[in-house]
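See below for the structure under consideration.
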Amino acid sequence: MLPRSKVADDLASQRGKFVNLPDWVEQLWGELRFRELVAQQTGEGYQRLFQQVMKVADGDDFLDVRPIGRHGDFRCDGWGMHSATCYAVYGPFTRKSPDQVRRKLTRDLRGAIGAWPEMRAWRLVHNDHAGLNALVASALVSLREQISTDAPHVVVLPPWGPRDLWWLLRQAPSAARATVLGTHGWQLNQDRLREFASVEGDPVSVSAGRSVAQLLDGFAAGGVVDPLAATAFAGALAMFLLGDEATFKKHASLLEQRCEDDPFEAMLTAVTFCVKALQLWEAATGDKPQLWAEMLNHSDLTIPYVTQIVLSARHGVESDDSLPGHPRDQQKVTMNLGQVTAMTLQLTADHRPDPLVSVFQDLLISVQREPSASCDTE
């Protein structure tokens, strides 16, 4: 049996050594943490999260409106004092018909106009990471046209999603952000941080880290991977590399959501990421993929069946064993490949002069540049 990598051994032996985060790492971790909070909260939970963000961003200018018994909240989930803006918080309308969406938006907006005569603006706030559902967007455009005629004193503002709320939150001081994001995870294992990046002022680490923050949202339709699954997998991978060792076990809410929505696409995305990481390892070490598989199979991270899936994809051949067909098994492969991909990147960084964050940056760029098999090659 081959010995486990020193990287894997250090995960358990170096607990308790902590260091404050450099600013760019704190920003990256904060964004990843906020995405997880959004994924974990629905309904009233997301409404409370929104109100917390607005209190941090606008202070006393924002009123977090609470329901009052049978009277409800007067169709208002938050109020901007200076701008006289009414905020309405919703989850994605993925299972509602166009008529249902239109009726709900119309009922809430017109109800707010009647209950808040001082209102001058109304804004929809949603929690869909992928952007506003086309169904809701269409209903919102139609409603804006109606209101411009029926209540010209009220402006229907562009909707806000999770990215807009994060932009507001990231402007706040670190201590204020911590009241929303919490303090757990805001100190990382010192040795793990040194693996991820060089010293705080290292320009290579800083540049790569800022690039990673942008690349996490750079997956577009028409590529080799599903954009939603890729964003979720890349975000979970970043959290793991930063030191959240439980990410691929119980703290990757956004990735788990994607596994439930489309487990097959999530699995294919995970395989693609791992193949690209394997190619980076090959280039750094000069070794053959089979050696990589042997090392991983002798560790406690995975099993031969999973590495064979990756090797088959790496060589462009069908696996002797078919891909798992049950959604639960597909989800298990996805989550397992998260840890395998992370380990592969760590092993790659051991053979390169660049910090781990640069290797991670190369992985994201490689996946995003890979053309879809259906693209025209002429």
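The values are calculated or read from the model by the stated rules, or taken from the named source; none is laboratory data. Please read these numbers as outputs of a predicted model, since none were measured by experiment. When we count neighbours, we look across all protein chains shown, and the Cβ atoms used for this are built from the backbone with ideal geometry, even at glycine. Note: accessible area is taken over every heavy atom of the protein model, side chains too, but ligands, DNA and RNA are not part of it. Shrake-Rupley method; radii C 1.70, N 1.55, O 1.52, S 1.80 Å.
Observations, loosely collected:
Residues are listed down the side, and each one gets a yes or a no for (1) on the phi < 0 side of the Ramachandran plot; (2) among the hydrophobic types (A, V, I, L, M, F, W, C); (3) buried (at least 20 other Cβ atoms within 10 Å of the Cβ):
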position	(1), (2), (3)
T231	yes, no, yes
G235	yes, no, yes
E260	yes, no, no
A277	yes, yes, yes
L280	yes, yes, yes
S299	yes, no, no
V310	yes, yes, yes
Q331	yes, no, yes
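- Taking the criterion of being in a helix (DSSP H, G or I), farther than 25 Å from F219 by Cβ and touching a residue at least 12 places away in the same chain (Cβ under 8 Å), the residues of region 111-142 that qualify are G111, A112, I113, A115, A139, L140, S142.
- Some residue of region 131-149 being open to solvent by less than 30 Å² (accessible area, probe 1.4 Å), of a type in the set (S, T, N, Q), within 20 Å of L228 (Cβ to Cβ) and within 21 Å of the chain's Cα centre (by Cα): no
- Against the test of being farther than 24 Å from D354 by Cα, out of contact with any His (no Cβ under 8 Å at 6 or more places or on another chain) and among the hydroxyl-bearing types (S, T, Y), the options T272, T247 yield a single qualifying residue, T247.
- Residues that are farther than 14 Å from R35 by Cβ and in a helix (DSSP H, G or I), drawn from region 241-254: L241
- Cβ pairs under 8 Å, 6+ apart, first in region 350-376 and of a type in the set (D, E, K, R), second open to solvent by 20 Å² or more (accessible area, probe 1.4 Å) and modelled with pLDDT of 95 or more: R352/A284; D362/L280; E370/T272; E370/K276
- G316 being open to solvent by 40 Å² or more (accessible area, probe 1.4 Å) and either without any contact (Cβ under 8 Å) to a residue 40 or more places away in the chain or out of contact with any Asp or Glu (no Cβ under 6 Å at 6 or more places or on another chain) (or both): yes
- Any hit, region 90-103, residues being surrounded by 14 or more Cβ atoms within 10 Å (Cβ to Cβ) and in a strand (DSSP E or B): yes
- Test: residue in region 8-31 that is of a type in the set (D, E, K, R), modelled with pLDDT of 75 or more, in a helix (DSSP H, G or I) and open to solvent by 70 Å² or more (accessible area, probe 1.4 Å): yes
- Evaluation of P152 against the conditions (1) more than 28 Å from the chain's Cα centre (by Cα); (2) part of a helix (DSSP H, G or I) shows that the sole unmet condition is (2).
- Contact map, region 32-50: residues that are at pLDDT 85 or above paired with residues that are in a loop (DSSP other than H, G, I, E, B) and among the charged types (D, E, K, R), Cβ distance under 8 Å, separation 6+ or inter-chain. Pairs shown: Q47/D77; F50/D77.
- Pair list, Cβ under 7 Å, 6 or more apart: region 264-293 residue of a type in the set (D, E), other residue modelled with pLDDT of 95 or more: E282/P289
- Of all residues in region 192-232, those satisfying the criterion of being at pLDDT below 80 and in a helix (DSSP H, G or I) are R192, L193, R194, E195.
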